Amino acid sequence: MNSVGEGCTDLKREYDLCFNRWFAEKFLKGDRSGDPCTELFKKYQTCVQKAIKEKDIPIEGLEFMGPSKDKADS
Amino acid sequence: MVKYFSCSGFLKSSWDQVFLAFWQRYPNPYSNHVLTEDIIFREVTPEHRLISRRLLTKTSRAPRWAEKFLPAHMAQKAFIIEDSVVDPESRSMTTLTWNITHARVMSIEERCVFSVNPDNNNWTEIKREAWISSNLYGLSRAIQKFGLARFKSNVSKTMKGFEFVLARMQGETPTRTLAESATVKARETALAAKEKAKDLASQAQKKQYV
């Protein structure tokens, strides 16, 4: 799948491949050894975060699992 | 006023397969409205949970009757945030998805909980809730109604997309033939071109008014 930053798609694919393998073979099986994809993630993030800034996509200040919290209880 | 909707469903695959498919579900033949997908935050917590934030770009077409009430330059794309927590210990995953653009016209928040089906441990249950609201004066009720109808049709696309990706992962499918892939690719390219043309047209229109 394409990245929002046109130049980031290849970096994203490399990272996705690494992540999916780690997620299936380690994380889901409860293996707590470190994540081997951090370097690829960093490279990909540098690219995509720059694209997000350039495109003015309003992602700043959004709380994690944000807006529904108050409604989830009702 | 907020319109509330909830439903549940299941996938005939085990929890770990479904969670894996969750990260690999785009593109699929039912996701033509999804244009881009990015992970913009990811961390494993000390409790061994994976928390992620995904940014999606989707096409967002207003219904024709609403077009004349909306700003002519309104982008035909919407940005969506999808936060998720995967907990392998409890074998559950919770997602929260909401639009961060056009939220005054229509805001949709969706919460899904994926867990092992209690009656059949090889299946995965999905409980889905959604809150739909609009702050557009005089039209909010009509927009909510439209939003709910579209949300329901998107839920069915999401489930079909999941089933497709799961089948592909399990090697049952029809991995798409080259010809089919080419058709999908062509459709995506055409869609991108259409969006671009619309952008240009609306820019041109704006210029006329200046």
query: Looking at (1) touching a helix residue (DSSP H, G or I) at 6+ places or on another chain (Cβ under 8 Å); (2) under 21 Å from residue B:149 (Cα atoms), can you tell me which one residue B:24 breaks?
result: (2)
- request: Mind listing just one residue for me: the one in the stretch B:55-77 that is under 23 Å from residue B:40 (Cβ atoms) and charged (D, E, K, R) and, of those, least open to solvent (accessible area, probe 1.4 Å)?
  value: B:58
task: Check the stretch B:100-113 and report whether any residue there is under 26 Å from residue B:29 (Cα atoms), of a type outside the set (A, V, I, L, M, F, W, C), in a strand (DSSP E or B) and open to solvent by 40 Å² or more (accessible area, probe 1.4 Å).
output: yes
message: Only one of B:8, B:13 is open to solvent by 20 Å² or more (accessible area, probe 1.4 Å), more than 9 Å from chain A (Cβ to nearest Cβ) and hydroxyl-bearing (Ser, Thr, Tyr). Can you tell me which?
response: B:8
message: If residue A:63 satisfies all but one of (1) surrounded by 12 or more Cβ atoms within 10 Å (Cβ to Cβ); (2) modelled with pLDDT under 95; (3) touching a helix residue (DSSP H, G or I) at 6+ places or on another chain (Cβ under 9 Å), what's the number of the condition it fails?
response: (1)
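Quick check on residue B:29: is it of a type outside the set (Lys, Arg), surrounded by fewer than 19 Cβ atoms within 10 Å (Cβ to Cβ) and farther than 30 Å from residue A:7 by Cα? Steps first, answer last, please.
Working: of a type outside the set (Lys, Arg): yes; surrounded by fewer than 19 Cβ atoms within 10 Å (Cβ to Cβ): yes; farther than 30 Å from residue A:7 by Cα: no.
Criteria not met by residue B:29.
Yes/no per residue for (1) in contact with a Phe, Trp or Tyr (Cβ under 6 Å, 6 or more places away or on another chain); (2) at the interface with chain A (Cβ under 9 Å from one of its Cβ atoms):
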position	(1), (2)
B:2	yes, yes
B:56	no, yes
B:60	no, no
B:67	no, no
B:82	no, no
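Residue under question is residue B:122, and the condition is that it be surrounded by fewer than 18 Cβ atoms within 10 Å (Cβ to Cβ) and either acidic (Asp, Glu) or touching a strand residue (DSSP E or B) at 6+ places or on another chain (Cβ under 8 Å) (or both); does it hold? Outline the logic, then answer.
Values: surrounded by fewer than 18 Cβ atoms within 10 Å (Cβ to Cβ): yes; either acidic (Asp, Glu) or touching a strand residue (DSSP E or B) at 6+ places or on another chain (Cβ under 8 Å) (or both): no.
When the stated conditions are applied, residue B:122 does not pass them.
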query: Considering only residues of the stretch B:169-178 that are open to solvent by 40 Å² or more (accessible area, probe 1.4 Å) and over 11 Å from residue B:17 (Cβ atoms), which is modelled with the highest pLDDT?
result: B:171
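Go through the stretch B:1-44 residue by residue and tally those that are part of a strand (DSSP E or B) and either closer than 17 Å to residue B:93 by Cβ or not small (Gly, Ala, Ser) (or both).
Our first condition is that a residue be part of a strand (DSSP E or B); within the stretch B:1-44, this holds for B:2-11, B:34-44.
Now drop any that are not either closer than 17 Å to residue B:93 by Cβ or not small (Gly, Ala, Ser) (or both), which leaves B:2-5, B:7-11, B:34-44.
Total meeting the criteria: 20.
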query: Just a yes or no: is a residue in the stretch B:78-89 in a strand (DSSP E or B), at pLDDT below 95 and open to solvent by less than 40 Å² (accessible area, probe 1.4 Å)?
result: yes
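The values are calculated or read from the model by the stated rules, or taken from the named source; none is laboratory data. Keep in mind it's a predicted model, so treat the numbers as computed, not measured. For neighbour counting, all protein chains shown are included, and Cβ atoms are generated from backbone atoms with ideal geometry for every residue, glycine included. Note: areas computed on protein heavy atoms with side chains; ligands, DNA, RNA excluded. Shrake-Rupley method; radii C 1.70, N 1.55, O 1.52, S 1.80 Å.
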